[in-house]
Structures are given as C-alpha cells and as structure tokens.
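> What follows is a structure written as structure tokens; I'll ask about it next.
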Amino acid sequence: MPDTRRRSYADLFRTPEFSPLFLSSSANIAAQTLSGLALATLVFRATDSPLLSALSMFGPALAQVLGATLFLSGADRLAPRTTLAGLSLAFAAATAALALPGLPVWAMLVIVLAEGLIASLGGGVRWGLLTEILSKDGYLAGRSLFNMTSGLMQIAGYATGGLLVVLLSPRLCLLLAAGLYGTAAALALRLTRRPPRAAGRPSVRATWRANSLLWSARPRRHLYLALWVPNGLVVGCESLFVSYDPRAAGTLFACAALGMLAGDVTVGRLLPARIRTRLGVPLLVLLAAPYLVLFLRPPLALTAVLVAVASVGFGASLVQQERLVARTPEDLSGHALGLHSAGMLTTQGLAALLAGTVAQVSSPATAMSVMAAGSLAVTLALTVASRRDAADGGLLPTRVARAG
C-alpha cells in the first residue's frame, strides 16, 4: 500500500476542488458543533433529563441506519456538487426551526431525527468525492487533514459555543448555526460540476444490493464493526458531558476534540505505514481505558486530561478507513464510506441513548465507566475474531494475526 505521508498538506490545497470541499465541510462541522451544544443545553434546562439531553445532541445519528438502508445508493449516483449544497441548505432550515420559541421538546426531537435521516447521504457523497479528487492513494492524507480540522473546529466551537450559550441564549446560538450551514452550502457551490461516479438511479434495491456486497466479505465486516462499535460506545460517554457537569461541558468537549486532533496528526501525518498499520487495536484500547475511572468523580482538571488522552485513540479510525478504501471497488467508494459514516453515527446515537438510560438509573459518571468497559469488551472480541482470520488479519496486520 502506498505511504501517503509523502503527500504534504500543502499539496492537498494545490489539488483542484480540494479547497471548496474542505471549507464547506469545515463550516458544516462548526454549525453542527454549535447547534448540538446549544440544543442539548436548551433541552437539559427544560427537562433536567440526562437522557433527553444526550438524545437531543446525538439523536440525529439514530436515523442514519434508516437512511443507510434506503438512500445510500445515491452517494455514487447523484451529482456531488448539487447534493452537498442541498443537504447544507436543508440543515440550515431545520436548525432555524429548532430556534422557534415555544417549540416543545418532542418536536425538537422529531426535527433532529429528520436531520439524521437526510444526513445519512452526506458522508458518502463527501468522502466518495474526496477519493475522486485525491485518488485512493491520497485518501488517508486528505481524511487526516479533514479530521484534524474537525478537531480544531470542535475545540473552537465548543469553547466558543459554551461561552455563547451562557452569554447569549441557546436559541440565538441555533440561529448562528443555521447561518453557518448556509455558508457551507454557498461554499459547496464552488465545486466543479461532476457526473455521478456510478450509472443508474438511486433506489432502495440498489442500496440493499450494494450493502449486501460490502457486508459479504468477512475482512470488511471486521473493519466496519471496528469502525462503528468501540468508538460509538465512547461517544456515548461524551454524550453525558452536559449532565456530568453542565457548566464545564464545553471544556470537556474541547479537550476531547484536542485529543482527537493529536491522534489524527500522529496517525495521519507523523507515523510511517509500517508502524501505523500495527496501531489499530492499541488505539482502540486507549480510546476507552481512561473513562473507566470516572465513576470515582475525579477533579475536573484530571477529568479533562483523561478525556483528552482517551480521544487520541480516535486515530484508530484512520487506520481502519485506509484498509476499507483499499478493499472497495472504485464505483462503490462513496457507498462504502457512506455506510461507514452512517453506521458509525447510528452506533453513536444508540450509545448515547444507552448511556443516557444508564445515567438515569445510576449517575452520568457511572454510566461513562460502564460504556468504556463495553467498548473494551467489543475491542477484545473483534481482536480475537481477527486473529482467527489468518488469511486477512481483520483488525490486525496479517503477520501479527498469524503470530496469534
């Protein structure tokens, strides 16, 4: 596999179309960060419920599984420029609707679930277009830069958003987020008009057929499960930051984003391929282990450090995505990455629901430790399964798998 470290980040921006895709995605992330924190705060103030607060912030992910089973064939069969701009405009309208005074909590949840449904297409379109702009050999470097920027935007977004929510109001923050979504749509229109990557109309049948093909190979199944479940359970921990400490939630989210940024820089830019491919499992362990001690309610400063260190483990996703791209046919690249994105977000939404439920009957701190233990158990199970798959290695490189 080519070592994408040789392509610098400056080279990426010299690639035609990379800049508008990058800027549009960054605006979307900023809008999502600000709107999620504002809405979770608004719901928690209205209900005093950790479950509803977590569901309002991560609930859109629950609808991803429905979109992935119905609409995902459009990731390769729709024109990328028009689709990305249209999705951003739809989010702008939905986020503005969330800011309406007097809107009941149940109506807010309906809107965020609808957002998740339309978002299920976005990941496949965006990441499929990235493989087209940079080629498969450049995907890791490009995705690493996107992830780094996502971390930076989240750090700035959660820190700024936490301040704005206190100084202004959650509803005004939602309106600001709607404006950011509109900006993302305008930036997406700067992309070149490209034809769809695959022929034919999007359909439910085509979506099911492609999903079945991608899921039929055991190595890809292992990769999808590794991409979805362990980090999804840890995101369940993050979904409780607001109820864990409402006044420090922005700080904890920013620390998590900082750790994720460090992991993406290290895995995507600093490590050579021969080392990078060995780190999938260790990073997944690092992702969950620090949360095990939170049931002790350590001081806020220590909690923030633990959260930041744990989030370095999100770099495991880059290792797994690189393998997924290498094992996917060209005309299914958008669909495959969309399935990864939709499955990951759905798992995160389910984990947020589970974490909120556990927190309701115990405490947010205890629920975080429970979710972390579940993440480690899944990582162990997948590692054992991959060691049995001597022909491919699953989560581990083939040489390491055979050694087991």
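> Answer yes or no: is there a residue in the stretch 115-126 that is in the same structural domain as Leu78 (by the TED database), among the polar types (S, T, N, Q) and either at pLDDT below 75 or under 26 Å from Ser8 (Cα atoms) (or both). Working first, answer last.
Keep residues of the stretch 115-126 that are in the same structural domain as Leu78 (by the TED database), which gives 115-126.
Okay, now just the ones that are also among the polar types (S, T, N, Q), so 120.
Checking which are either at pLDDT below 75 or under 26 Å from Ser8 (Cα atoms) (or both) leaves us with none.
Checked the stretch 115-126: no residue is in the same structural domain as Leu78 (by the TED database), among the polar types (S, T, N, Q) and either at pLDDT below 75 or under 26 Å from Ser8 (Cα atoms) (or both).
> So, one more: So which residues in the stretch 243-290 are open to solvent by 50 Å² or more (accessible area, probe 1.4 Å), of a type in the set (Ser, Thr, Tyr) and under 26 Å from Leu52 (Cα atoms), if there are any at all?
Thr251
> Restricting to the stretch 15-55, name every residue that is open to solvent by 20 Å² or more (accessible area, probe 1.4 Å) and of a type in the set (Gly, Ala, Ser).
Ser19, Ala46
> Further, regarding this structure: Can you tell me which of (1) under 22 Å from the mean Cα position of the chain (by Cα); (2) over 24 Å from Asp331 (Cβ atoms) is the one Asp76 doesn't meet?
Here Asp76 clears every test but (2).
> Here's something else I'd like to know. Could you check the stretch 47-68 and list, in sequence order, the residues that are at pLDDT 75 or above, more than 15 Å from Trp208 (Cα to Cα) and part of a helix (DSSP H, G or I)?
Result: Thr47, Pro50, Leu51, Leu52, Ser53, Ser56.
> How many residues does the stretch 159-207 contain that are touching a Cys at 6+ places or on another chain (Cβ under 9 Å) and not hydrophobic (A, V, I, L, M, F, W, C)?
Summing the residues that are touching a Cys at 6+ places or on another chain (Cβ under 9 Å) and not hydrophobic (A, V, I, L, M, F, W, C) in the stretch 159-207 gives 1.
> Please determine, by comparing only the residues of the stretch 291-328 that are open to solvent by 60 Å² or more (accessible area, probe 1.4 Å) and free of Cβ contacts under 8 Å to residues at least 60 places away in the same chain, which one is nearest to Leu214 (Cα to Cα).
Among residues in the stretch 291-328 that are open to solvent by 60 Å² or more (accessible area, probe 1.4 Å) and free of Cβ contacts under 8 Å to residues at least 60 places away in the same chain, the one nearest to Leu214 (Cα to Cα) is Val309.
> Kindly indicate whether Arg190 is touching a residue at least 12 places away in the same chain (Cβ under 8 Å) and either part of a loop (DSSP other than H, G, I, E, B) or of a type in the set (A, V, I, L, M, F, W, C) (or both).
yes
> Still on this model: So, in the stretch 95-114, of the ones that are in contact with a helix residue (DSSP H, G or I) (Cβ under 8 Å, 6 or more places away or on another chain) and open to solvent by less than 20 Å² (accessible area, probe 1.4 Å), which residue ends up nearest to Gln321 (Cα to Cα)?
For the stretch 95-114, the residue satisfying everything is Val112.
> May I pose another question? Scan (1) in contact with a helix residue (DSSP H, G or I) (Cβ under 6 Å, 6 or more places away or on another chain); (2) surrounded by fewer than 24 Cβ atoms within 10 Å (Cβ to Cβ); (3) under 26 Å from Asn211 (Cβ atoms); (4) at pLDDT below 85 for the single condition Phe71 breaks and write down its number.
Exception for Phe71: condition (1).
Each row is one residue, and each column tells you yes or no for (1) part of a loop (DSSP other than H, G, I, E, B); (2) free of Cβ contacts under 8 Å to residues at least 40 places away in the same chain; (3) more than 21 Å from Thr266 (Cα to Cα); (4) out of contact with any Leu (no Cβ under 7 Å at 6 or more places or on another chain).
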residue: Ser88; (1), (2), (3), (4): no, no, yes, yes
residue: Ala97; (1), (2), (3), (4): no, yes, yes, yes
residue: Trp106; (1), (2), (3), (4): no, yes, yes, yes
residue: Leu109; (1), (2), (3), (4): no, no, yes, no
residue: Leu145; (1), (2), (3), (4): no, no, no, no
residue: Thr160; (1), (2), (3), (4): no, no, yes, yes
residue: Val165; (1), (2), (3), (4): no, no, yes, no
residue: Leu172; (1), (2), (3), (4): no, no, yes, yes
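> Here is a follow-up. Checking Thr207 against (1) over 30 Å from Ala308 (Cβ atoms); (2) of a type in the set (Val, Ile, Thr); (3) assigned to a helix (DSSP H, G or I); (4) open to solvent by 40 Å² or more (accessible area, probe 1.4 Å), only one condition comes out false. Which one?
(4)
> Continuing with this model, one more query. Could you give me the residue pairs with C-beta distances under 9 Å whose first residue belongs to the stretch 233-248 and is in the same structural domain as Val378 (by the TED database) and under 18 Å from Thr160 (Cβ atoms), whose second residue is part of a loop (DSSP other than H, G, I, E, B) and open to solvent by less than 20 Å² (accessible area, probe 1.4 Å) wherever it lies, and which are 6+ apart or on separate chains?
That search, which allows pairs on different chains as well, returns Phe241/Ala248.
The values are calculated or read from the model by the stated rules, or taken from the named source; none is laboratory data. Remember, it's a predicted structure, so these values are computed and weren't measured experimentally. Note that each Cβ is placed from the backbone with ideal geometry, even for glycine, and that neighbours are counted across all protein chains shown. Accessible surface is based on the protein model in full, side chains and every heavy atom, while ligands, DNA and RNA are left aside. Shrake-Rupley method; radii C 1.70, N 1.55, O 1.52, S 1.80 Å.
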